[in-house]
Each structure stands twice: as structure tokens, then as C-alpha cells.
Amino acid sequence: MTQAQLAQGTSPLLAVRDVSVVFGGIVALNGVSFDMHKGQILGLIGPNGAGKTTLFNCLSRLYQPSSGDILMEGVSILKRPPHRIAEIGIGRTFQNVALFPNLSVMDNVRVGTHARTSSDIISDSLRLAWIRRSETGVNNKVREILAYLDLEEVAHTTVSGLPFGTQKRVELARALAADPKILLLDEPAGGLNHEEVYVLGDLIRKIRDERHMTVLLVEHHMGLVMSIADHVVALNFGKKLAEGTPAQVQADPDVIKAYLGSKDQ
Amino acid sequence: MSAAEDVVAEGNETVEAVPKRAMTLGTGTSVVVLLLLLIVPVFAKNFVIFQLTQLLYLGLAVLALNILTGGSGQFSLGQSAFYGIGAYITAVMMEQFNIPYFLCLPVAGVLCFGAGFLFGQPALRLSGVYLALATFALATAMPQLLKLNFLEPWTGGVQGLVVTKPDAPFGLKISQDMWLYYFTLVVVLAIYIFSVNLLRSRSGRAFMAIRDNEIAASAMGVNVALYKTLAFGVSAGITGVAGGLSAIAVQFVAPDSFTITLAIQLFLGMVVGGVGWLPGSIVGAAFIIFVPNIAEGISKGLSGAVFGVLLFLVIYLVPHGARQLAIMGQQLAGRLRKS
């Protein structure tokens with residue numbers, strides 16, 4: 001909380017400004033605005049079809065908003081192609097895990113460093129000295145991240161054979177390998193059991209604190225969002241319903257009506 | 001691509017899944033194979049040496065397809081077109097412009113890289129079977145393009161072009177066939193090593209990331225369009241060099257040597273060798289060169305049918321090709337060592 005509060009006064013790291021997305025005649029997002037400050041864990045909640053994933057896909061440049069703007073450190077990201085989002089410090093994980101199934105854990109995480117390294121096919125084929133140096137750097141970094149996320153034992157295992165929970169950690173490791181400033185997590189608790197969800201919550205907080213990241217958490221699991229988020233944005237039918245601390249949002253009558261059903265939940 | 005996926009998934013307990021191992025041979029095996037490739041021709045007749053040369057350059061063409069399909073996950077039934085372009089560039093440069101053969105090959109490689117890179121642009125919009133169809137169209141068009149009238153002064157039209165076999169240099173007292181074999185061996189080994197390096201590098205990882213999941217690759221900063229076309233270019237470039245080597249070895253190029261049949265043979269070689277496993281390329285090449293002869297030895301009249309049966313047996317018994325045999329061999333060796 002303290003980090004986030006300190007940052008409140010400064011300009012936002014990421015600003016979503018009046019973003020609308022229209023598919024055919026359907027308005028998936030309608031003028032949504034919010035700010036993300038450095039060091040924050042921002043929870044984005046809402047019932048199915050609220051527009052969470054649409055917004056997420058705008059941030060990762062898979063969808064182009066019909067109007068509005070998204071600013072990263074004051075600069076619009078809407079002119080960037082999807083593959084040039086990682087280099088400005090936006091990393092992501094996927095809802096149902098999108099790893100490279102035939103590659104080892106280590107190679108998956110190595111791909112994560114792609115945006116932070118450079119090479120060309122001729123130098124790569126000849127394995128020139130500067131390529132070898134760069135690869136040594138990559139390997140050291142990958143090993144550090146694998147150790148950090150307790151994945152050393154499976155470093156050389158092909159990911160398709162790993163349990164789902166482990167695959168989720170590999171995906172997190174891959175995202176961290178790109179040194180993101182903002183980590184976008186798309187329903188990280190999906191498919192995890194009760195205990196795993198709380199371990200994950202601690203891990204997200206630990207990553208934010210120790211690796212100085214800002215986290216956008218799109219999540220169905222209310223318990224997780226309410227326990228780790230500093231700030232919550234609630235969407236419904238493509239509109240922002242409420243915004244504030246977890247307690248404020250939880251107490252908001254509109255949110256209760258749309259999402260929580262009754263006060264007891 | 002499911003075949004390649006299965007292999008890797010299954011192989012994960014047996015082969016130590018160190019990426020290098022998954023793609024190459026162990027040091028011991030490499031030394032044995034290299035020694036065999038160096039020594040066997042010394043004791044072989046000229047015709048056998050010619051066949052071994054053929055094995056090397058067809059293996060190179062299979063390797064090129066393996067980089068494209070096994071590496072980046074794109075299908076191609078159009079490899080015969082790049083092979084033909086490479087062969088013709090080499091033949092025309094050697095015969096019409098008297099340029100030494102060893103200078104023609106890099107030119108063939110670079111021009112075919114360009115052709116593949118350009119062809120990769122429209123192919124970006126296609127995937128899977130549709131890409132296979134587009135490349136099929138390229139393969140079908142190529143023989144007729146090579147017959148075009150206005151190219152005839154250089155290409156010799158339907159008649160084709162005879163290529164002079166180079167002599168061994170530096171006054172070496174070895175036959176032309178033997179010299180050509182060792183020359184081909186050096187070129188093929190060099191390209192093999194570069195290819196292994198490439199697939200193990202940042203670029204190679206980008207290829208494989210695209211093969212496995214394009215959206216995730218893009219989110220990691222991989223320029224999917226660029227790497228897909230690069231894979232096409234690299235594959236076409238290597239295929240062009242293989243075609244050039246074939247023109248020198250066969251001493252003849254004609255449009256109808258580069259039909260869709262050749263493309264399908266290369267595809268077959270890749271599957272038999274093991275998709276995505278580079279050393280398998282030479283096994284695949286051996287299959288497409290020698291198995292038709294074996295089939296003919298069994299039955300002259302029904303050689304095609306016998307070939308079909310043999311192919312069917314291979315697919316049935318070792319669906320993942322030579323790679324599967326290699327993994328089985330490794331397991332067996334491990335068990336013998338333990339007992």
C-alpha cells in the first residue's frame with residue numbers, strides 16, 4: 001500500500017483514457033478510464049462479458065480501440081504493433097496458459113528475453129563472439145528467474161508434460177524475463193485450487209515488492225483480488241461501475257447489485 | 001506438426017531434454033558418422049561415390065525443409081521450385097558465363113534466399129493446408145517457367161543444359177567423382193553446423209515459439225511476420241545450394257527434373273527422418289534414394305506398389321522416423337551400460 005500511496009501524486013505509469021471498443025454493432029467497452037500508478041496491484045473485476053478481457057486485449061494490442069487512448073508513461077501505445085509492446089515494458093500471461101509446449105522450461109523463459117536482446121540470422125548461424133556473450137547473459141538471467149520461482153528442477157523438462165500449476169509459474173517466469181514495468185495477469189487463479197490461489201497471491205505481492213513491478217490483475221476470484229489489490233476497478237456491460245480501494249468497491253451498491261449479488265458474499 | 005509434438009513429448013524422459021541434444025547427435029555418434037563419411041568413398045566405386053554425393057545434397061534439401069517445417073511450423077510442397085532455381089542459376093553461370101562452380105553456389109543460395117523471402121510474404125496470410133496448397137502451386141508452375149521462350153538463350157529451353165564436371169584442383173590425383181564428393185561433404189557439413197547454430201540461437205527459438213504459439217510469441221516481442229519469412233528465406237536458400245550441387249553432380253539440368261514429385265520426395269524424406277530432427281535428414285535422403293531401388297529389386301513390375309508397402313511399414317512401425325530409432329538406440333545403449 002505504501003508504495004502505491006507514495007506514487008499517487010505523480011503521473012500515472014499507465015493511463016486508460018475513455019477507451020471504447022465496438023465489434024460490429026456491439027459495444028464491448030464504453031468510455032472506460034482509469035490510471036495505474038507505479039507499484040500498484042490493480043484488480044480489474046466484473047461478471048462474464050463485462051469487458052475485462054476486451055480491455056486486456058487492448059492493452060496487449062490484440063484489439064484496436066474504436067476511440068480513446070492508452071498511454072504508457074505518457075506516450076500512446078496505440079500505434080505500436082503487438083510485438084513491440086514487450087519492449088516498452090508491458091508483459092503478460094494468458095488466461096489458459098499459452099506456453100510453447102514443445103520447448104523446455106528454460107527455452108520458454110529464454111524466449112521471454114527476446115525483446116531485450118538482439119541478433120540476426122547470419123550472426124546466429126555463425127555463433128559469433130557477441131552472440132555467445134549475449135547468450136551467456138540470457139542464460140544467467142534465465143537461471144536467476146528459474147531459481148526465484150523455484151523452477152530449477154524442471155529447467156530442462158518439456159513444458160507440455162508439467163502440471164498446470166507449474167505451467168502457470170513458467171508463464172510468469174517467461175513474462176519476468178522481459179523485465180516488464182507492468183505485468184498484465186489474465187485470470188491467474190483460473191484452474192487453481194483453494195490453497196494454490198493463496199500461494200499465488202503471496203507470489204504476486206512478492207514479485208511486486210521485490211522486483212518493483214506494477215501489476216494489473218484481471219480476475220474472477222474475488223477473494224484473491226480483495227486480499228492483494230491496492231486498487232480495484234469494477235466493470236459491467238463495458239462500463240466502469242466503480243473504482244477505489246477493495247473495501248470501497250466491495251461496499252458499492254452498484255457493484256453489489258451487478259456482481260456480488262448480496263452483501264453477505 | 002502433431003508428429004513433431006508427440007516425438008518431443010515422448011522423448012522427454014529418454015533423451016535428456018537439453019535443447020542441443022534434441023536437435024543434434026551426441027559427440028561420439030557425430031565422430032563415427034563423420035569418419036564413415038570421410039572413409040567410405042575411398043573404398044567405393046565411382047558410381048557408389050556418385051550415389052553418396054546424391055545422398056549428401058538431397059539430405060541438405062531435406063534439412064532445409066526441416067528448418068521450415070520442423071523449426072517454424074510452416075509446410076511447403078514447393079521446395080522443388082527453389083531447388084530448380086538453384087540448379088539453373090548454377091548451371092547457367094557455369095556454362096554461359098564460365099564462372100567457377102564454387103562461386104556459383106553462394107550466388108544460388110543468396111538469390112534463392114531472396115526468392116523464398118519474397119514468396120514468404122504472401123504465404124504469411126496462409127497457414128497449414130492452405131500454405132501447402134500455395135507452395136504446391138509454385139512447384140507446379142516452376143518447370144513451365146523454366147521452359148519460357150525468352151529465357152531459352154540461357155536455359156536451353158526444353159532441352160536443358162549440360163554442365164561440365166569440375167576437375168580436382170591443385171593437381172590432386174583423385175577422380176572427378178571423388179573430388180565432387182568431398183567438396184559436397186564440406187559444403188553440407190558447414191551448412192549443417194550453421195543450421196544447428198541457428199536453431200539453437202535467439203532466431204531459432206523465435207522460429208519454434210511461432211511454431212508452438214504465434215500469439216504468445218508476439219507478446220514476447222517476436223516479430224512473427226519477419227521470422228516466418230526469414231524461415232522461408234533460409235529454407236529456400238539452403239535448398240538452392242542443394243539444387244546447385246545437384247546440377248554439378250548430375251552434369252545436367254532440365255525443367256522436368258524439378259517437378260512436384262521432387263517436392264513430395266523431399267517431404268517424404270523429412271517425415272522418414274523425423275520432423276524437426278536435423279541429423280534425420282540424411283536418413284530421409286537415403287530412404288528416397290535407395291528404397292525405390294530396393295523395391296525394384298523385389299519386383300520390377302510392381303516396384304511402385306512395393307515402395308508403397310515399405311513406406312507404409314516405416315510409418316506404421318516408426319511413425320516418428322529415424323529420430324525414434326535414435327531414441328530407441330539410446331535407451332538400449334543405456335540399458336546395456338547398466339547391466
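Every number here is computed from the coordinates shown, using simple stated rules; none is lab data. Quick caveat: nothing in here was measured; it's all calculated off a predicted structure. All Cβ positions, even for glycine, are placed from backbone atoms using ideal geometry, and neighbour counts span all protein chains on display.
Things to note:
- Contact order for chain B, expressed relative to its length and based on alpha carbon pairs under 8 Å spaced 6+ residues apart, stands at 32 percent.
- By the beta-carbon count within 10 Å of each Cβ, the least crowded to most crowded order of B:Y181, B:Y57, B:Y130, fewest first, is B:Y130, B:Y57, B:Y181.
- Based on the Kirkwood approach, the hydrodynamic radius assigned to the stretch B:151-201 is 13.9 Å, with every pair of different Cα atoms included.
- Farthest toward positive dipole pole in chain B [+1 Lys/Arg, -1 Asp/Glu at C-beta], among B:V48, B:A115, B:A305: B:V48
- Translational D in µm²/s for chain B (Stokes-Einstein at 10 °C, 1.306 mPa s, Kirkwood Rh from C-alpha pairs): 77 µm²/s
- From phi via Karplus (6.51, -1.76, 1.60), per-residue ³J(HN,Hα) for the stretch A:87-97 in Hz, x at Gly/Pro: 5, 8, x, 10, x, 8, 10, 10, 4, 10, 6
- Compactness relative to 2.2 N^0.38 Å, alpha carbon Rg of the stretch A:8-124: 1.23
- Relative contact order computed over the stretch A:136-228 (Cα-Cα under 8 Å; 6+ residues apart), in percent: 28 percent
- Calculated [θ] (222 nm, deg cm²/dmol) that DSSP helices of n ≥ 4 give over chain B, each run adding -39,500 (n - 2.57): -24500 deg cm²/dmol
- Over the stretch B:77-150, the ratio between the Cα radius of gyration and 2.2 N^0.38 Å evaluates to 1.22.
- Taking amide H atoms as placed 1.01 Å from N in the peptide plane, the amide H of A:R92 lies under 5 Å from those of A:L184, each 5 or more residues away in sequence or on another chain.
- For A:G43, distant residues with modelled amide H under 5 Å away: A:L217, A:D230, A:H231, A:V232, A:V233
- Between the alpha-carbon centres of the stretch A:116-158 and the stretch A:58-107 there is a gap of 22 Å.
- Formal net charge of residues neighbouring A:K79 (Cβ-Cβ distance under 11 Å; K, R +1; D, E -1): +2
- Rg to Rh quotient for chain A, alpha carbon positions, Kirkwood Rh: 0.99
- Net charge, B:A247 excluded, C-beta distance under 11 Å - Lys, Arg +1, Asp, Glu -1: 0
- Annotation: peptides A:28-36, B:166-174, ranked by per-residue average of other Cβ atoms within 10 Å with the highest first, follow the order A:28-36, B:166-174.
- Bridging of A:K168 to lysines at a Cα separation below 18 Å is possible for A:K206, once same-chain residues fewer than 8 apart are set aside.
- Look at the dipole of the protein assembly as shown built from charges on Cβ: of B:A139, B:V188, A:T113, the Cα furthest out on the positive end belongs to B:V188.
- Fewest-first ranking of A:K79, A:K181, using other Cβ atoms within 10 Å as the exposure measure: A:K79, A:K181
- Put simply, the amide H of A:L29, placed in the peptide plane, has neighbours under 5 Å in A:V21, leaving out anything fewer than 5 places away on its chain.
- With 20 Å bins from 0: P(r) over the protein assembly as shown, alpha-carbon pairs, percent: 18, 44, 26, 11, 1
- Per-residue Cβ neighbour counts within 10 Å put A:R110, B:R200 in the sequence B:R200, A:R110, beginning with the fewest.
- For the stretch B:245-254, 3J(HN,Hα) per residue [Karplus equation, 6.51 cos²θ - 1.76 cosθ + 1.60, θ = phi - 60°, Hz, x = Gly/Pro]: 4, 5, 4, 5, 6, 7, 6, 6, 10, 9
- Euclidean distance of C-alpha centroids, the stretch B:163-205 and the stretch B:101-122, integer Å: 17 Å
- Looking at the protein assembly as shown alone, DSSP beta bridges between its own residues are antiparallel in about 60 percent of cases.
- Rg ratio (alpha-carbon, reference 2.2 N^0.38 Å) - the stretch B:130-263: 1.36
- nm² value of the averaged projected area, convex hull over the Cα atoms of the stretch A:92-224: 8.2 nm²
- Surface/4 of the Cα convex hull for the stretch A:18-83, nm²: 5.0 nm²
- Above 16 Å, the calculated P(r) of the stretch A:172-265 contains 58 percent of its Cα-Cα pairs.
- Estimated dipole of the stretch A:98-204 in Debye, rounded to 20 [Cβ of Lys and Arg +1, of Asp and Glu -1, Cα centre]: 520 debye
- Sequence-distant contacts, meaning Cα pairs under 8 Å at least 6 residues apart, place the relative contact order of chain A at 27 percent.
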